[in-house]
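The values are calculated or read from the model by the stated rules, or taken from the named source; none is laboratory data. Worth saying up front: this structure is predicted, and the values here are computed from it rather than measured. Note that we place each Cβ from the backbone using ideal geometry, even for glycine, and neighbour counts take in every protein chain shown. Areas reflect the complete protein model, heavy atoms only, side chains present, ligands, DNA and RNA absent. Shrake-Rupley method; radii C 1.70, N 1.55, O 1.52, S 1.80 Å.
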Amino acid sequence: MSGTGPIELKRWLEVMRPEDLVADIDAIFFAASATQHFESASVREAFRDRWLGRYLEHYPEWFYVAVSSGQAVGYLAGCLEDPALSPRFSDIAFFETFADLTPAYPAHLHINLDASYRNAGLGGRLIDLFVADAEAAGVAGIHVVTGYRSRNRTFYLRNGFEVLRELPDVDPALVFLGRRLSVQTECS
């Protein structure tokens, strides 16, 4: 998928024909997923809806895409809503485990890049765009939940997140990383 053109970061709602990028985003999502085998097409679709589709459908204003030569080469799926309190995320049990942390870090995200575009600063640029928009919306913090031994843990630490809780003894082993944001207040 490696393109030769410049990489543009776009908010999903600003993409002229977003439907043209969905197949690229799906390919990136499934290639980056820890789950690679599904017992049926319906199980695969339910997995996609759980970890990607709900963001495109319900939170398109917090979805960002990196585009090169007309192809999506990465994306950030985010939400400003506290997932521990939202019925829309009640199917993800680990949010209950972190419910004491999410009020201070209510916004959350996940990010995936095509493998040939990793380690070049693109993921950090996507996070910076999401952070700027979340700060403008008055959100005090963002979080990521990832695998305890996941390689992306170091990426998040480099991008301003800190480990707030580790759960190495649960299955799957998890870590909650948070990043405080600078909320702008008006002077009176």
Q) Looking at the square roots a ≥ b ≥ c of the eigenvalues of the Cα gyration tensor of region 118-183, which shape do they give, rounded for a/c under 1.5, prolate if a/b is larger than b/c, or oblate? A) oblate
Q: Could you check the simple spin-label distance between residue 20 and residue 183, using points 7 Å along Cα→Cβ, in nm with one decimal?
A: 4.0
Q) What is the distance, in nm, between label points placed 7 Å from the Cα along the Cα-to-Cβ direction at residue 173 and at residue 30? A) 3.0
Q. Picking from 128, 91, 49, which is most flexible by a Gaussian network model of the chain using Cα springs under 10 Å?
A. 91
Q. What are the residues whose amide H is under 5 Å from the amide H of residue 173, where those residues sit 5 or more places off or on another chain and H is modelled from the backbone?
A. 148
Q | ³J(HN,Hα) computed for each position of region 167-183 - Karplus, 6.51 cos²θ - 1.76 cosθ + 1.60, integer Hz, glycine/proline x | A | 10, x, 9, 9, 10, x, 5, 10, 9, 9, 10, x, 9, 6, 10, 8, 7
(Q) For a quick check, take a GNM of the chain with Cα springs below 10 Å and name the residue from 103, 18, 87 with the largest mean-square fluctuation. (A) 87
Q) GNM, the chain, Cα, under 10 Å: largest mean-square fluctuation among 14, 81, 61? A) 14
**Q.** Whole-Hz ³J(HN,Hα) from phi, Karplus 6.51 cos²θ - 1.76 cosθ + 1.60, for region 132-149, glycine and proline x
**A.** 4, 5, 5, 4, 4, 7, x, 7, 7, x, 10, 9, 9, 10, 9, x, 4, 9
Q | Gyration tensor verdict on region 1-137 (Cα atoms; rounded if a/c is under 1.5, prolate if a/b is larger than b/c, oblate otherwise) | A | oblate
Q. Would you list 180, 118 from the most to the least accessible area, probe 1.4 Å?
A. 180, 118
Q.
Given the DSSP H assignment, sum -39500 (n - 2.57) over each helix run of at least 4 residues in the chain and divide by its residue total; what's the result at 222 nm in deg cm²/dmol, nearest 500?
A. -7500 deg cm²/dmol
Q. Can you list the residues, at least 5 places off or on another chain, whose amide H is less than 5 Å from the amide H of residue 114, using H built in the peptide plane?
A. 74
Q) So how far, in whole Å, is the C-alpha centre of region 1-44 from the one of region 104-135? A) 15
Q.
For a quick check: with amide H placed at 1.01 Å from N, whose amide H comes under 5 Å from residue 181's, ignoring anything fewer than 5 positions away on the same chain?
A. 141, 142
Q | Per-residue HN-Hα couplings for region 153-164 [Karplus 6.51, -1.76, 1.60; θ = phi - 60°; Hz; x = Gly/Pro] | A | 4, 4, 4, 5, 4, 5, 9, x, 8, 10, 6, 10
(Q) Is the C-alpha gyration tensor of region 77-118 telling us rounded, prolate or oblate? Criteria: a/c under 1.5 is rounded; beyond that, a/b larger than b/c is prolate, otherwise oblate. (A) prolate
Q. Probe 1.4 Å, all protein chains in place: accessible area of residue 19 in Å², nearest 10?
A. 110
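Highest mean first, what order results for 139-147, 21-29 on Cβ atoms within 10 Å?
Highest to lowest by the protection proxy: 139-147, 21-29.
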Q: Please name which of 177, 90, 155 has its Cα lying farthest along the dipole of region 53-179 towards the positive end, using unit charges on Cβ (Lys, Arg +1; Asp, Glu -1) and the Cα centre as origin.
A: 155
Q.
Per-residue counts of other Cβ atoms within 10 Å, averaged by peptide: what ranking do you get for 153-160, 30-37, highest first?
A. 153-160, 30-37
